[in-house]
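To start, the structure under review is shown below, and the notes come after it.
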Amino acid sequence: MGFGTGLPSDAQVVNDEMCDVCEVWTAESLFPCRVCTRVFHDGCLRRMGYIQGDSAAEVTETAHTETGWSCHYCDNLNLLLTEEEMYSLTETFQQCKVIPDCSLTLEDFLRYRHQTAKRGNSDRALSEEQEEQAARQFAALDPEHRGHVEWPDFLSHESLLLLQQLRPQNSLLRLLTVKERERARATFLARGSGSTISEAECHRAQHSWFCKRPTEAPSCSVSVSHVGPIADSSPASSSSKSQDKAPLPTEPESRFVDWPTFLQESVIYILAARPNSSAIHLKPPG
Ligand SMILES: [Zn+2]
């Protein structure tokens, strides 16, 4: 029992009881963070400037949806970097003439990507394919098509790339909170079959972390009305249909992964989905 067993199923997440800002115990309207166990009074968040004006209502609304809301610690992926990592990132920005706190256009973004590629061992900049990939990442960082990427979103993206580059997988896994592990576990159980999950479902799950706003009409529901005769819905016919299983198609690319592999392959995207911003800070493949 207790924490640290490595079994997400028996871990119970208990939110803190006191507001993280005023440290007062109160049962009334505290916002839980969806990532960590901190809770907050909305008044305290406003007083500290963590939410401002119009965004207050939006925060209240999101905090009570299934998606939830990330507190100011969890919202900022840059805080995951060590001092050395932060120093290295700042140095790269200086060398590539990226001006902190300014938004970036596609041109700025691609120029930066080319420069950082050149700084590596390769003596050439991005290939055409890599450039296209960078352009897709830019679009993901600019979901409202404003033509620029906000500085905090860019910083979050660069912080993730650095984590991905420098940290071993085990160290990334340690960054996950109990809440994040539990959500990943629930997704694994819901999308997988038994103790494994197909690679296709794994990719779908990676995309699903970024559904931060509840969508009105999920397009994933499969319409079955056209499959057979509508009038015939007797249990006998449906059971005979399910027994008559087609042999499993042997697709060459189908690969199944277990829970530890699923978590390892998902960890960077789970972290990437922490910020409240609707930008996708690290676009999953596919
Ligand atoms: Zn938090």
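Brief remarks on what is shown
- Scanning segment 259-268 for residues that are in contact (Cβ under 8 Å) with a residue 40 or more places away in the chain and either out of contact with any Phe, Trp or Tyr (no Cβ under 9 Å at 6 or more places or on another chain) or closer than 12 Å to residue 77 by Cα (or both) yields 264, 265, 267, 268.
- For segment 87-125, the set of residues classified as surrounded by 14 or more Cβ atoms within 10 Å (Cβ to Cβ), in contact with an Asp or Glu (Cβ under 9 Å, 6 or more places away or on another chain) and part of a loop (DSSP other than H, G, I, E, B) consists of 98, 103, 125, listed by residue number.
- Some residue of segment 61-68 being modelled with pLDDT under 80, outside any loop (DSSP other than H, G, I, E, B) and either crowded, with 16+ Cβ neighbours inside 10 Å or of a type in the set (Val, Ile, Thr) (or both): yes
- Inter-residue pairs, beta-carbon under 8 Å, first within 22 Å of residue 181 (Cα to Cα) and in segment 16-44, second among the small types (Gly, Ala, Ser) and within 9 Å of the ligand (Cβ to nearest atom), 6+ apart: 33/70; 34/70; 35/70
- Taking (1) over 30 Å from residue 71 (Cβ atoms); (2) surrounded by 10 or more Cβ atoms within 10 Å (Cβ to Cβ); (3) at pLDDT 50 or above in turn, residue 247 satisfies each apart from (2).
- All conditions but one from (1) more than 16 Å from the ligand (Cβ to nearest atom); (2) more than 30 Å from residue 187 (Cα to Cα) apply to residue 44; the one that does not is (1).
- Some residue of segment 71-84 being at pLDDT below 85 and either within 15 Å of the ligand (Cβ to nearest atom) or on the phi < 0 side of the Ramachandran plot (or both): no
The values are calculated or read from the model by the stated rules, or taken from the named source; none is laboratory data. No experiment lies behind these values; they were computed from the predicted model shown. Don't worry about glycine lacking a Cβ; one is built from the backbone with ideal geometry, like all the others, and counts go over all protein chains shown.
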